[in-house]
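Every number in this text was worked out from the coordinates using simple rules, so none of it is lab data. None of these values were measured; they are calculated from a predicted model. Every residue, glycine as well, gets a Cβ built from its backbone with ideal geometry; the counts of neighbours run over all protein chains shown.
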Amino acid sequence: MIKEAKVIFHNGKQYIPDVRNVKLKAPFRGRPEISNVKVDEQALIDICPLGAISLNPISFDMGKCAFCGECAFAFPEKIKFTQDYKISSNKRENLIVKEGENNFIQFDKEAIRLEVKKTFGKSLKLRQVSAGGDNSCETELGAAGNANFDMNRYGIEFTASPRHADGIVVTGPITENMAGPLRIAYDAIPEPKIFVLCGVDAISGGVFTDSEAIDRSILKDIKVDLFIPGNPSHPLTIVNGLLDLTR
Amino acid sequence: MNKLDSILRIKNNQSVELQKIETLTYADFYSIVLELLKKEENHCVTYFAYRRKDDLQFIIAIADDKNHDIAILSHILKARKKQELNSLTQSIFALHIFEREIYENFGVNFINHPWQKPVRFPHNRADKKLQINDYPFYSIKSEELHEVGVGPIHAGIIEPGHFRFICNGENVLHLEIQLGWQHRGVEQLFLNKKHNLQRNLLAENIAGDTVIGHTTAFAQTMETLANKQISEQLHLERALALELERIAVHTGDIGALCVDAAYHLGANVFGILRTAIINFTQLWCGNRFGKSLVRMGGTHFPFTEDLKIELLQMLAKYEKQFEEMADLTYRLPSVQNRFDFVGTVTKKQAQLVGTVGLSARMSNIVKDIRVSHPNIAYLNFPYQTITLKKGDVFARFLLKKKEIRKSIAWIRNLMEHFQFDNKNTQKPDYQLNLKPNNLAISLVEAWRGEVCHCAITDENGDLSHYKVKDPSMHNWKALELSLRNVEISDFPINNKSYNLSYCGNDL
């Protein structure tokens, strides 16, 4: 008993008191900023392995970005990754960062359904479905509930059964083989419910976009409530995204 | 005997011209493979087929742990011939998964294969009519026995797979694991993607918990094919990242096992300790899993003397807390009682199914690429493998702790004796020219066991085949065997003690 108490004492307080304001250190790569410096535009577009950078104006789609940082290494005067981890949004187009506009990523509060805030503001139980995820986003979703990030203090938890859940968090590019089970799990969740895409693979397909083994047709008729970028998404990005959506 | 002596042998991280690989008749291929695999020091690291014009070329790579080299054998199955071969699995069971894979991809029938079933239902399988829901499970018609089906979606934040138990009351008689749900077409994408950075990203996403293991194997394969020389420092940096990955995942696994033994103090503290390690990886390269760290030809994130100070401080703190917590956890009677003598895989069974890595070492089989086929990093800074005898959940639980200590000692030794020189860094090089008509192979001892990447180039120096093997391919069968004659409620502790990869298997 004394030994146990010692362990607790030696480990001290581990939770992050304010998950809204944590200073992460470089080289962590969060929200990118694009300066107005003129560079070889075609070379800039070509450097991105996932086609996340486009022209007129030069913009950067975090929903397609694996945060590998190659663009910032090649054009350090043009693209700079900040340590801002609050990069989730309920609107897909809000994940696109434009040249010269160095704003925080916005939530479209008007677009959030009324019942989402009303029902899930104090308690949110989620079902996670990995549909081709590589187990990094899954691990980070688990870490969001550990002693450091402690998402449970806000009443946000993962449940075993979709019947007990208020929504689904998808990771992975949605493989052909998982498309069916994902649909069954989604249908089993009672209304009202939310649908969350976590990680670059889930949001856009990531490096698997052109694969013949994926089937993203489920996204045609389900409205996505939250996009959480990252490869994998950082637990702080996950917790803040869910908080912004529900309260 | 003469034939055995003339076999082509290469070293780990070496390439060979395709024309030097002799194509044998299947009868010769068959007898030589049997002859080789009879010896305890030999095991198959990869066995695959690929289309060469209309014909099918088969390549098998058999690693020899005594001679520290890899035998490469080949035969061709002509398109006009009947697409069937005598199964090797009936004599060497460890080959079952490779023959199943070839059967599924190309429709080659292996005569007398005891368990010829689909592996992962890939998008480019031979029989598109067969769907993942049609998997032919083993079943028993019995009044007394019942079947329990679990998954593909499980009751936790975990990847999908389907488990089918045949039970007598609470007792499991048989478990069959059906995978494939995670199939993303990784191997095909290696060929489709033409830019090497895209391929590098792909390697990073094969298994997110084995980022360093897979990406190192990829980088070494490509560098070998391009004759690109890598500095000792870069090799050591990759090995350091590999050991950190091992420590982090093992710590997480120990915590996860504590969850299942309902020991919450252990679960929380080991979870916190894992955070310390992966946060260091983030400090090094910006990503907690080491994504973006390993690049072909070099790295954007060289290890520095400043990082060395941070690392040693972090490890000192980690070690203190870890030892204090482990001392309590591993002596706790309720934990010991929960894990002892559960899910035992004997040495004989493990050899039969051909387990690798930690799953082999827990049954007293010395299998470790760092020792048997080391690259420069482990030649200059040797690692000593540890094995245990019992092969049960407790053995796996204990081995993780012991391997963490070994890895920390290895890192300390490296930090003490190697000066990281900032001027000596290599930048990534994505413009590597690959040698035409070559085959290269790379083995890496990742935390689960050996990762094997094998690439073949065509006459233009472009990739014509890319084969990935995650250690889980060998080890899933061991989990099935662990469940024989244990209570079904012991499944979670068995599963977590292995922590095998779904996406690494499904690709």
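Observations
- Note on A:I16 and B:K194: their simple-model spin labels are 4.2 nm apart, each label 7 Å out from Cα toward Cβ.
- Pairwise centroid distance, computed over Cα atoms, of region A:181-231 with region B:398-430, Å: 38 Å
- Mean Cβ count within 10 Å, highest first, over the residues of peptides A:165-177, A:67-79, B:269-281: A:165-177, B:269-281, A:67-79
- Remark: mean inter-chain Cβ contacts per residue of A:121-132 equal 4, using a 10 Å Cβ-Cβ cutoff to other protein chain atoms.
- Under the span-like rule (Cα at least 18 Å along the axis, Kyte-Doolittle mean at least -0.5), DSSP H helices of chain A: A:176-188
- The protein assembly as shown: equivalent-ellipsoid semi-axes (sqrt of 5 x gyration tensor eigenvalues, Cα, Å): 37, 31, 28
- Taking 0.36 nm per residue of sequence separation and removing the Cα-Cα distance, the B:K20/B:N422 pair yields an extension gain of 140.6 nm.
- Extending 7 Å from Cα along the Cβ direction at A:K220 and again at A:I184 yields two label points whose distance is 2.2 nm.
- 3J(HN,Hα) from dihedral phi, region B:334-348, Karplus parametrisation 6.51/-1.76/1.60, rounded to Hz, x for glycine, proline: 5, 6, 4, 5, 6, 9, 5, 6, 9, x, 6, 10, 6, 4, 4
- Ordering A:G199, A:I189, A:G230 by Cα displacement along the dipole of region A:180-231 toward the positive end leaves A:I189 in first place; charges were set at the Cβ atoms of Lys, Arg (+1) and Asp, Glu (-1).
- Here r is the Cβ-Cβ distance between B:Y135 and A:E93 and R0 is 35 Å; the resulting FRET efficiency, rounded to 0.05, is 0.30.
- For chain A, the Stokes-Einstein estimate of translational diffusion at 37 °C and a viscosity of 0.692 mPa s comes to 173 µm²/s, using the Kirkwood hydrodynamic radius over alpha-carbon pairs.
- Normalising by residue count, chain B has a Cα convex hull of 139 Å³ per residue.
- Each peptide in B:474-486, B:66-78, A:207-219, A:37-49 gets a packing score, the mean of other Cβ atoms within 10 Å over its residues, and the list from highest to lowest is B:474-486, A:207-219, B:66-78, A:37-49.
- At q = 0.17 Å⁻¹, base-10 log of I(q)/I(0) for region B:319-446 (Debye sum, equal scatterers on each alpha carbon): -1.03
- A Stokes-Einstein calculation at 37 °C with viscosity 0.692 mPa s, built on the Kirkwood radius of region A:47-177 over Cα pairs, returns a diffusion coefficient of 190 µm²/s.
- Order of B:D421, B:D340 under a 10 Å beta carbon neighbour criterion, fewest first: B:D421, B:D340
- Modelled FRET efficiency - R0 56 Å, B:N124 with A:Q83, Cβ distances, 0.05 increments: 0.85
- Each peptide in B:112-119, A:86-93 was scored by the mean count of other Cβ atoms within 10 Å over its residues; highest first, the order is A:86-93, B:112-119.
- Residue-averaged beta-carbon neighbours from other chains (10 angstrom radius) around B:274-283: 3
- Residue list for region B:190-222, given a label point 7 angstrom along the Cα-to-Cβ vector of B:N460 and an amide N cut-off under 15 Å: B:191-196
- For A:L126, distant residues with modelled amide H under 5 Å away: A:E157, A:F158, A:T159, A:D166
- FRET efficiency for the pair B:Q229 and A:T159, taken as 1/(1 + (r/R0)^6) with r the Cβ-Cβ distance and R0 = 35 Å, rounds to 0.10.
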